[in-house]
Amino acid sequence: MSAQRVVASAWRSLARSKARSFFMMLGVIVGIAALTALASVGEATRQETLRQFKRMLGTFDTLTIRPGAGSTRGMPSLGSVEPSLKFPDGPAIAAGVPGVKRVALVQQAFDLDVSYRDATTVPLVLGVSPNWADVRGESVASGAHLSEEDDRSLARVTVIGADVARVLFQGEDPLGKVIRIADVPFQVKGVMASRGAGPGGASLDNMLVVPVSTASKRLFNRDYLTTLVVQLNDANASDRVAEDVRALLRERHRIIPPAQDDFTVGSPRATLAQISKVGTTLSKVVTGVAVIATLIGGAVIMSLMLIGVSERRREIGVRRAVGATRADVMRQFLVEATLISALGGAIGILIGAGGATVGALLQKLPPAYMWSMIGGAVALSVAVGIVFGLYPAWKAANVDPIEALRS
Amino acid sequence: MIEANHLSRTYQRGDGTPVTALRDVTFTIAAGEFVVIRGASGSGKSSLLNILGCLDTPSSGRYRLAGEDVSVLPDDERSHVRSRRIGFVFQSFNLLPRATAVENVELPALYTGAAPDRARARKLLERVGLAERAEHFATELSGGEQQRVAIARALMNDPPVLLADEPTGNLDSAAGESVMQLFTSLHEGGRTIVLVTHDEQVASFADREILIRDGVVASDTVRRERSPA
Ligand SMILES: Nc1ncnc2c1ncn2[C@@H]1O[C@H](COP(=O)(O)OP(=O)(O)O)[C@@H](O)[C@H]1O
Ligand SMILES: [Mg+2]
């Protein structure tokens, strides 16, 4: 029998007992739908996490240098970091390491009161070099960014985040107004465009920036940095550039291995790789659960197929009498089981993907589908049909036609 | 065409004791003969027909079909013999209930590797007088109609030999009569027919009668000379 006719005949046989076919499929539908939905929701969540990190990290073509050895947890603040990263380190890297486009300097603190008239807030306060906005890809909603001239002249000007503007000015136009940062007056020069939410959904707009020279001399009175943001010409060269930056800083800081570095070079790509890995672990657990559900579906197919084989003994006898070989009968039942399971898988994928889409939209996330997982689901449902169809098909092939045909 | 040489068939009962259904059965049936195998219930007729139809193998003895010893063939080759050289008709029709008449007739063609031939299936239904019932499900047909569909099915692969086990056993006399008429005309068309029955009335349609008693050939009578094929 040709493959096409085997499938057509199996299809007819299934179509003729729709109720049984449906119940056979049910387990696989549920398992595969769960697999697809969980995987897709997981994928949507993972992609959203990546987007949040991307927003926090700004661009991907950067390296972040922090003072101190090892990875510091949380946000570094001037009061708590080692005073090892100095202002001249920035220009030295920009000039001395090939592949570096520019270096932004940052001093940050988040324990300063900021007030305007009666309103007070405690935002993240950043002293930044004038190129910071370009390096990070930040834009202003109104007013202007900090300029070279602001930095050179130690101007007391600030560009404030959207949250700070809202809390301090409550609808009033902040441009040109004077706010007090730790009791030092600063004139608002611009309002930043909203940066949205970072990891965990926290707002990234509760912040303001001032020229880093002003911050150093008039606000913090510190001559070291909390962060150097190194922008690369080519994001793919980040590993090599990171190594060159380390070598340069060791030289400048007179660190001779095995002495520990007094700085840490991090790359957003490494961080993102870490996040992606976490997502993978989660999806493995999810996959395991759904695979088990699908296997239970396979067991359902097997038991209903076995019932079907005993109900269809006479049919098997007739087919054998008119010339079907054992292999023909085996193939017929195997194809039926596989068709049922694959069909259940297909329906499951549609339901699962539909469910995931609804779920993502309810969470206000753009839906995402994990295609590798969906491909796996298809393969799994076909495999389940074959594996769980084997025993019933073997049973069918070994029905004694004489016995089955006896009236 | 059919040569049975000292065929015996012994079954194993559930409790292990042997039952001998056929003992040293020997006869030859020439191509184009219409033979009835008659005997009481339990005399071994079905056992014999199953061996002749390549569904079963003898415990001892030889069975040749068209000169070939088919009793020693492996299972799948016996399937091929059934597919091409034998058409079966059963007492209880054995149509697939969820398939239409024409699909039932087509069934044997599924296992020949040839292209599907619905036109031939329809022609065969016409031949047995059921052209207008082609799309009816088996369960919607009367017993006589079902048996005629079964005969059309047996003819699908154009086998030289037709074997029928009590084909009129489940039919009223009118339907039985028309089924026997059909066998007679098929015989006149040149087919070799071996028909099992316990009914003398039915046996009268055949040219020759082999009487079986307790698994042994009791008599072998030619009723009338072979009609010219
Ligand atoms: N599979 C079997 N196992 C045991 N005994 C059987 C089996 N098939 C037939 N028999 C016995 O063989 C004898 C002949 O049976 P069968 O060929 O069906 O006779 P008939 O068709 O003439 O009624 C009976 O005694 C029956 O009980
Ligand atoms: Mg019988």
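The values are calculated or read from the model by the stated rules, or taken from the named source; none is laboratory data. The model shown is predicted, which means the values in this text are computed figures rather than measured ones. Here the Cβ is made from the backbone with ideal geometry for all residues, glycine too, and neighbour counts use every protein chain on show. Ligands, DNA and RNA are excluded from the accessible area calculation, which covers all protein heavy atoms including side chains. Shrake-Rupley method; radii C 1.70, N 1.55, O 1.52, S 1.80 Å.
The Cα trace of the range A:166-228 gives Rg and Dmax of 13.8, 37 Å, the first to one decimal, the second as a whole number. In plain terms, chain B is cut at each of the GluC sites (Glu not before Pro) found in a DSSP loop with at most 14 other Cβ atoms within 10 Å, and the longest leftover piece is B:1-134.
Of the cross-linked pairs A:LYS18/A:LYS395; A:LYS189/A:LYS217; A:LYS54/A:LYS284; A:LYS54/A:LYS364; B:LYS45/B:LYS123; A:LYS54/A:LYS101, those separated by over 27 Å at the C-alpha level are B:LYS45/B:LYS123. Distance between the C-alpha centres of the range A:17-54 and the range B:51-118: 47 Å, rounded to the whole angstrom. Ligands, DNA and RNA are left out, and with a 1.4 angstrom probe the accessible area of chain B is 42 Å² per residue.
Seen against the Cα atoms of chain A and their longest principal axis, helix A:18-57 is set at about 10 degrees. Entry note, chain A: the mean residue ellipticity at 222 nm calculated from DSSP H runs of n ≥ 4, each adding -39500 (n - 2.57), is -18000 deg cm²/dmol after division by the residues and rounding to the nearest 500.
Short to long, the 10 Å bins of the Cα pair-distance histogram for the range B:2-222 hold 8, 34, 36, 19, 3, 0 percent of all pairs. Around the Cα centre of the range B:52-137, unit charges on the Cβ atoms of Lys, Arg, Asp and Glu (plus for the first two, minus for the last two) sum to a dipole of about 240 debye. Taking every eigenvalue of the Cα gyration tensor of the range A:62-233, multiplying by 5 and rooting it, what semi-axes result, largest first, whole Å? They are 26, 17, 16 Å, listed from largest to smallest. Over all pairs of different C-alpha atoms in the range A:253-393, the reciprocal of the mean inverse distance, the Kirkwood hydrodynamic radius, equals 19.2 Å.
Remark: the range A:197-275 is approximated by an ellipsoid whose semi-axes, taken from the C-alpha gyration tensor as √(5λ), come to 26, 23, 12 Å, largest first. Using just its DSSP H runs of length 4 or more, each adding -39500 (n - 2.57), chain B gives a mean residue ellipticity at 222 nm of -8500 deg cm²/dmol after division by all residues.
The dipole here belongs to chain B: it is taken about the Cα centre, uses +1 on the Cβ of Lys and Arg and -1 on the Cβ of Asp and Glu, and is about 260 debye.
Annotation for A:ALA259 and A:ALA247: the two label points, set 7 Å from Cα along the Cα-Cβ direction, are 1.9 nm apart.
Note on the range B:1-85: the C-alpha convex hull projects to 6.1 nm² when averaged across all orientations.
With the charge dipole of the protein assembly as shown set up from +1 on Lys and Arg Cβ and -1 on Asp and Glu Cβ about the Cα centre, the Cα lying farthest toward the positive end among the listed residues A:SER216, A:PRO98, A:GLY68 is that of A:SER216. Each Lys and Arg contributes +1 and each Asp and Glu -1, all at the Cβ; summed about the Cα centre of the protein assembly as shown, the dipole is approximately 580 debye.
At most 13 other C-beta atoms within 10 Å and a DSSP loop state: those are the exposed trypsin sites (Lys or Arg not before Pro) I care about. Give me the longest piece of chain A that has none. Between exposed loop sites, the widest span is A:118-253. Translational diffusion of the range A:10-120, estimated by Stokes-Einstein from the Kirkwood radius over alpha carbon pairs at 20 °C in a medium of 1.002 mPa s, is 104 µm² per second. Stokes-Einstein diffusion for the protein assembly as shown at 10 °C, viscosity 1.306 mPa s, with a Kirkwood radius from C-alpha pairs, works out to 50 µm²/s. Taking Lys and Arg as +1 and Asp and Glu as -1, the other residues whose beta-carbon sits under 10 Å from that of A:ILE402 total -1.
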